[in-house]
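Here is the structure we will look at.
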Amino acid sequence: MTTGFDDLQIALLLRLLIAHLVADFIMQRKSWIVARGERHWRAGSLYLHATIAAALLYLFSGHYQNFLIPAFVLVTHLVTDLWKSYTNNSLKYFVADQFIHLLVIIAAWYMYIMPDWSILDSLAGYFANTRVLAIVLAYVFVIWPAGFLIAKITAPWQQQITDNQGLADAGRWIGMIERILILTFVLIHQFTGIGFLIAAKSILRFGDIRNPENRKDAEYILLGTMISFIIAIFTGIAVQSLVA
């Protein structure tokens, strides 16, 4: 499957990503992060780190006549890290921070390879792309509404299981990850991956099924798993049929 980009363009993207990783994870000191969290916009390390990130992108890009794109990265990196300094160190804020940086890197890459590129025109194109919209809709459905649907379907059996004091919300997150994986396997036509996922889940629960004391809990979990699998598989098939 062709991506529409040549090797030089892909190599540029990889260099920009390497520059970001070096700046954010190798050259950034822990004391800078602490100072940023305590002093926010008054921390000198905030500006130093953003400058390093922009400078590395400039050096790794190979486009030494272009100063506007590194300036764009400097400003966005500075604003993003400033926002991050007002949050805690939880996983969701770390992921959000890195996701924003990734979007900026991709935008910078597009500006390098397509000087006349307009983000508004590109977004308009994606919003008019039936395949993209169908795939986004599918992932949104299997991640959130499907979870509520499964909870409603399995509600009659929920009161029969015992509270084994498992991790808070772990089951919900496991179900979401399962459906994301299954939908992805369907969309890329890797149905064997679904088989391995089912086998792995069954093996992990085999001991619980054989234990009479845990049988109801295990059957309840497997019931929810099977419903989750069915929803994700048929959602993927529906998307494939729609965009075929």
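Numbers at a glance
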read-out	value
Residue check, Asp163 loosely packed, with under 10 Cβ neighbours inside 10 Å and either at pLDDT below 70 or aliphatic (A, V, I, L, M) (or both)	yes
In the stretch 188-203, residue nearest to Ser241 (Cα to Cα) [restricted to those that are touching a helix residue (DSSP H, G or I) at 6+ places or on another chain (Cβ under 9 Å) and small (Gly, Ala, Ser)]	Gly193
Residue tally, condition of a type outside the set (A, V, I, L, M) and in a helix (DSSP H, G or I), over the stretch 63-100	15
Sole exception among (1) under 21 Å from the mean Cα position of the chain (by Cα); (2) part of a helix (DSSP H, G or I) for Leu48, by number	(1)
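The values are calculated or read from the model by the stated rules, or taken from the named source; none is laboratory data. Everything quoted here is computed from the prediction, not taken from an experiment. Ideal geometry is used to build each Cβ from the backbone, glycine not excepted, and the neighbour counts take in all protein chains shown.
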